[in-house]
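Comments concern the structure below.
The values are calculated or read from the model by the stated rules, or taken from the named source; none is laboratory data. As the structure is a prediction and not an experimental result, all values here were calculated from the model. Because the Cβ atoms are built from the backbone with ideal geometry, glycine has one as well, and the counts that use them run over all protein chains shown. Accessible surface areas use protein heavy atoms only, side chains included; no ligands, DNA or RNA. Shrake-Rupley method; radii C 1.70, N 1.55, O 1.52, S 1.80 Å.
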Amino acid sequence: MRMILLGPPGAGKGTQAKDLVNKYGIPQISTGDILRKNLADKTPLGIEAKSYMDKGALVPDSVVVGIVKERLKESDCAKGYILDGFPRTVPQAEALEAALADMNTPLDKVLSIEVADSELIERLSGRRTCRNCPTGFHVKFKPSKVEGVCDACGGELYQRDDDQAEAIANRLKTYHSSTAPLIEYYTKKGILRAVNGVGDMSVILDRMVKALEG
Ligand code: AMP
């Protein structure tokens, strides 16, 4: 199963992708996670990406396309993968399509996760991230037992620069102008399925599985 999780920031793509990883045994490829790892390791790529990411702007297409093309060549992608946060622009989608055509491995499905902007703002502004491990928290919906401390590893929780109010507004604007056109792009290709992204995680997983297998 080669699939894309498409949706606005805060739609829960990262969490939903992890559920799909467990169900289908295929890797999650998150360009946001790869960029944040490069940022933490202070690689040249991370340093280049930082100024865009902090503002909630998109990193240039050529950078993320290069990352994904390399990642898709790794052996764990042979049975499929879940692209999370990529593509985010039509040129990225076109570059992906060309790369997959070369590899003779077309996409199977694109799930479009739908959540209203008002709900996204509440979700994103309360989000807290661990500095040490991938566990996420939310001040209202999933608070840590001790404020500011990760339940899983004891690491420090912080608010990502791109989860600050101004960056959130930018990210939503960018989503509507640059990423939402992909809904039409993949609808025309006949592989897009819309999924309501509001509700319990288990209910959303059921909806995703029905959309993928139905
Ligand atoms: P995410 O964790 O997916 O919300 O990504 C965090 C940030 O990384 C985004 O706000 C962008 O600055 C950058 N980023 C991640 N994926 C992409 C992409 N496909 N194209 C451009 N920028 C990206």
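Working only within region 80-95, note down all residues that are aliphatic (A, V, I, L, M), buried (at least 21 other Cβ atoms within 10 Å of the Cβ) and within 12 Å of the ligand (Cβ to nearest atom).
First, pick out the residues of region 80-95 that are aliphatic (A, V, I, L, M): 82-83, 90, 93, 95.
Remaining after also requiring buried (at least 21 other Cβ atoms within 10 Å of the Cβ): 82-83, 93.
Answer for region 80-95, where residues must be aliphatic (A, V, I, L, M), buried (at least 21 other Cβ atoms within 10 Å of the Cβ) and within 12 Å of the ligand (Cβ to nearest atom): 83, 93.
One line per residue, one yes/no per condition, for (1) more than 29 Å from residue 69 (Cβ to Cβ); (2) charged (D, E, K, R); (3) touching a Ser or Thr at 6+ places or on another chain (Cβ under 6 Å); (4) not in a strand (DSSP E or B):
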position	(1), (2), (3), (4)
91	no, no, no, yes
96	no, no, no, yes
100	no, no, no, yes
106	no, no, no, yes
132	yes, no, no, yes
162	no, yes, no, yes
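Report yes if residue 11 is under 20 Å from residue 186 (Cβ atoms), open to solvent by less than 30 Å² (accessible area, probe 1.4 Å) and within 14 Å of the ligand (Cβ to nearest atom), otherwise no. First the steps, then the outcome.
Working: under 20 Å from residue 186 (Cβ atoms): yes; open to solvent by less than 30 Å² (accessible area, probe 1.4 Å): yes; within 14 Å of the ligand (Cβ to nearest atom): yes.
So residue 11 passes the test.
Identify the residue in region 49-79 that is open to solvent by less than 40 Å² (accessible area, probe 1.4 Å) and within 24 Å of residue 108 (Cβ to Cβ) and, among all such residues, is farthest from the ligand (Cβ to nearest atom).
77
Mind listing whichever residues of region 161-177 are out of contact with any helix residue (DSSP H, G or I) (no Cβ under 8 Å at 6 or more places or on another chain) and open to solvent by less than 50 Å² (accessible area, probe 1.4 Å)?
Scanning region 161-177 gives 174, 175.
Which one is surrounded by the fewest Cβ atoms within 10 Å (Cβ to Cβ) among residues in region 196-211 that are without any contact (Cβ under 8 Å) to a residue 12 or more places away in the chain and more than 18 Å from residue 120 (Cα to Cα)? Steps first, please.
If we filter region 196-211 for residues that are without any contact (Cβ under 8 Å) to a residue 12 or more places away in the chain, which is where we start, we get 199-200, 202-203, 206, 210.
Filter once more, so that each one left must be more than 18 Å from residue 120 (Cα to Cα): 202-203, 206, 210.
On the way: 202: 9, 203: 11, 206: 13, 210: 11.
Here the residue is 202.
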